[in-house]
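Let me begin by presenting the structure, written as structure tokens, before commenting on it.
The values are calculated or read from the model by the stated rules, or taken from the named source; none is laboratory data. If you're wondering where the values come from, they're calculated on a predicted model, not measured in any experiment. Here the Cβ positions follow ideal geometry from the backbone for every residue, glycine too, while neighbour counts run over all protein chains shown.
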Amino acid sequence: MAGKKKVEKRKDSKDLGLSAEKDEFSEWFTQLMIKADLADYTEVSGCIILKPASYEIWEKIQEEVDKRFKKLGVKNAYFPIFIPEKLFSKEKEHVKGFTPEVAWVTEAGGSKLAERLAVRPTSEAIMYPSYAKWIRSWRDLPLKINQWNNVVRWEFAHPVPFLRTREFLWNELHTVLATEKEALEEGKHILNAYREVTEGFMALYGMTGRKTEKEKFAGAVFSEKIHYIMPNGKSIEGPCFHFDGQNFAKAYDIKYLDKNGKEQYAWQDTYAITTRMLGVLFAVHSDDKGLVIPPKIAPNKIVIIPIFTDQNKNEILKEAKKISSELEEYCPILDEREDKTPGFKFNDYELKGIPLRIEIGPKDIANKAVIVARRDNGKKESIKIADLKRKIPEILDDIQISLFKKSEKSFKEKIEKAKSLDELKEAINNKKVGIVPLCRNMECEDIMKAETKGAKALFISEEKIMSEKCIICKKPAAYYIYAGKSY
């Protein structure tokens, strides 16, 4: 019987809605992207079009992050997308880490270039020679320059829309400070700014953790990132903080005279948030009916659907327009289409994830009320029109809070402690992330990844290690790590 129901559901929804369920994550996510009009494929493998429905959300992320950056003294600028090979090669560890991903321009207009140009995978190599020119004295510090731009990374074989694309959008904030203490302190402020947006607006629960030496950003002293867990049990990295110490300062000669007239190498940090967060947002919150978008990040928080006949059309549309005007701050959509049934419209806006639906028909007019339906849980209630301005913000706030709590619950349910390699394998097979004791030996990380068919060290746990042994070599463990498959 269960199988029969699933077939019937798919047949009914195939034209407009999703025919795959969330448990079938890959197919479900692909359908969600296309049918909810979020993105489209292009002729370039691994590069997608961000359509208005998704790009508007990215604009809101930019706006909120940028607002917080400016309070911390950050300025926006723009540097070229092309990086001469001689600049790209200055920091050896950095270059080694990015070499497999770099796309190169070798000719233009039919003529070979005298020097290859890297298409920006990240901007240290094009920004830091300028930093070295601009910084002379302690008075020039701190220098905090951010870019909102695109980058290209070409190494991987299996791109996934939003989650792993060869070109993506991001911010890259590159700061220069006088002391190690200032650089480390700044990291806390910037990660907190990101968290305010990912938690407060995107309703996403994530866990911040430091990467192992093997998994850190190439050229950094250490890397810390906010991590999320997808419905299929794979981890994905969110906003990041790389403490670069003086590594790049020494490679690119970024020095300053301190207050005593002594020459010092500067201290540096780098930070980023990318459009992969759109994929995390869509995947974590959405369901079998389509998108679920948290109200604070939704471009349109309400859709108003008038239900009318030729006889009562004018009366109902008049009231619907009045409600739309009164709720203008929520950017409502008023759907007056006459060629679509109310049922079609309900399904359409459920697919597109509008947080609240207001239905108004002749009976509602008579009762001076409307029906309000929540996208997150489908609950409906009748609300007096006179009470809408008071009730709507309360409902939207409750949706926002509920989605975050649901995200947190889902994250924690996908974590499992494992005492051995066999227990870790079982956790991974059950689409979970395991917590295991591990030593610092990179070979043990490689063996763990091979034995589990792809589970890597995601980040280091803050839980204190006692007398546990590494699950691979059985020597004393250095720390607990979260281990899992990832994008």
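For this structure, a couple of remarks:
- Qualifying residue in the stretch 263-281 (condition: over 30 Å from residue 190 (Cβ atoms) and in contact (Cβ under 8 Å) with a residue 24 or more places away in the chain): no
- In the stretch 96-127, of all residues being out of contact with any His (no Cβ under 8 Å at 6 or more places or on another chain) and either of a type in the set (D, E, K, R) or over 25 Å from residue 44 (Cβ atoms) (or both), the one that is surrounded by the fewest Cβ atoms within 10 Å (Cβ to Cβ) corresponds to 114.
- Taking the criterion of being more than 19 Å from residue 281 (Cβ to Cβ) and either surrounded by fewer than 15 Cβ atoms within 10 Å (Cβ to Cβ) or of a type in the set (Gly, Ala, Ser) (or both), the residues of the stretch 42-58 that qualify are 42, 43, 44, 45, 46.
- Criterion (over 26 Å from residue 56 (Cβ atoms) and surrounded by 15 or more Cβ atoms within 10 Å (Cβ to Cβ)) met by exactly one of 333, 395, 385, 358: 385
- Residue in the stretch 424-438 that is under 14 Å from residue 481 (Cα atoms), buried (at least 20 other Cβ atoms within 10 Å of the Cβ) and touching a Cys at 6+ places or on another chain (Cβ under 8 Å) present: yes
- The set of residues in the stretch 400-438 being touching a strand residue (DSSP E or B) at 6+ places or on another chain (Cβ under 7 Å) and farther than 18 Å from residue 233 by Cα consists of 437, 438.
- If the condition is being of a type outside the set (Phe, Trp, Tyr) and under 18 Å from residue 411 (Cα atoms), then the stretch 457-487 contributes 457, 458, 460, 461, 462, 463, 481, 483, 484, 485, 486.
- Residue in the stretch 320-332 that is touching a residue at least 60 places away in the same chain (Cβ under 8 Å) and of a type in the set (Lys, Arg) present: no
- Tabulated pairs, the stretch 37-51, first touching a residue at least 24 places away in the same chain (Cβ under 8 Å), second polar (S, T, N, Q) and in a loop (DSSP other than H, G, I, E, B), C-beta under 8 angstrom, 6+ apart or interchain: 46/165; 47/165; 48/42; 48/165; 50/275
For every residue, the table says whether it meets (1) hydrophobic (A, V, I, L, M, F, W, C); (2) farther than 15 Å from residue 293 by Cα; (3) assigned by TED's automatic domain parsing to the domain that holds residue 463.
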{"site": "376", "(1), (2), (3)": "no, no, no"}
{"site": "384", "(1), (2), (3)": "no, yes, no"}
{"site": "410", "(1), (2), (3)": "no, yes, no"}
{"site": "419", "(1), (2), (3)": "no, yes, yes"}
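- Unique match (being at pLDDT 95 or above and either touching a Leu at 6+ places or on another chain (Cβ under 8 Å) or of a type in the set (Ser, Thr, Tyr) (or both)) among 347, 367: 347
- Filtering the stretch 307-329 to residues that are hydroxyl-bearing (Ser, Thr, Tyr) and over 10 Å from residue 358 (Cβ atoms) leaves 309, 325.
- Flag if residue 477 is surrounded by 21 or more Cβ atoms within 10 Å (Cβ to Cβ) and under 30 Å from the mean Cα position of the chain (by Cα): no
- Matching residues, the stretch 163-205, being under 23 Å from residue 292 (Cβ atoms) and in contact with a Pro (Cβ under 9 Å, 6 or more places away or on another chain): 165, 194, 195, 197, 198, 201, 202, 203, 204
- Among residues that are small (Gly, Ala, Ser), surrounded by 21 or more Cβ atoms within 10 Å (Cβ to Cβ), touching a Leu at 6+ places or on another chain (Cβ under 9 Å) and assigned by TED's automatic domain parsing to the domain that holds residue 196, residue 290 is not included.
- Every test in (1) of a type in the set (Asp, Glu); (2) over 21 Å from residue 350 (Cβ atoms); (3) free of Cβ contacts under 8 Å to residues at least 12 places away in the same chain is passed by residue 381 save one, and that test is (2).
- Those residues of the stretch 299-335 which are more than 34 Å from the chain's Cα centre (by Cα) and among the charged types (D, E, K, R), in sequence order: 310, 313, 315, 318, 319, 321, 322
- Among the residues making up the stretch 278-291, a single one is among the small types (Gly, Ala, Ser) and part of a loop (DSSP other than H, G, I, E, B): 286.
- Of the criteria (1) part of a helix (DSSP H, G or I); (2) touching a residue at least 40 places away in the same chain (Cβ under 8 Å); (3) closer than 25 Å to residue 287 by Cβ, which one residue 431 fails: (1)
- Of all the numbered requirements in (1) buried (at least 21 other Cβ atoms within 10 Å of the Cβ); (2) closer than 19 Å to residue 254 by Cβ, residue 182 misses one, and that requirement is (1).
- Condition met for residue 403 (surrounded by 20 or more Cβ atoms within 10 Å (Cβ to Cβ) and within 26 Å of the chain's Cα centre (by Cα)): yes
- When restricted to residues that are under 17 Å from residue 252 (Cα atoms) and among the hydrophobic types (A, V, I, L, M, F, W, C), the stretch 133-172 contains 5.
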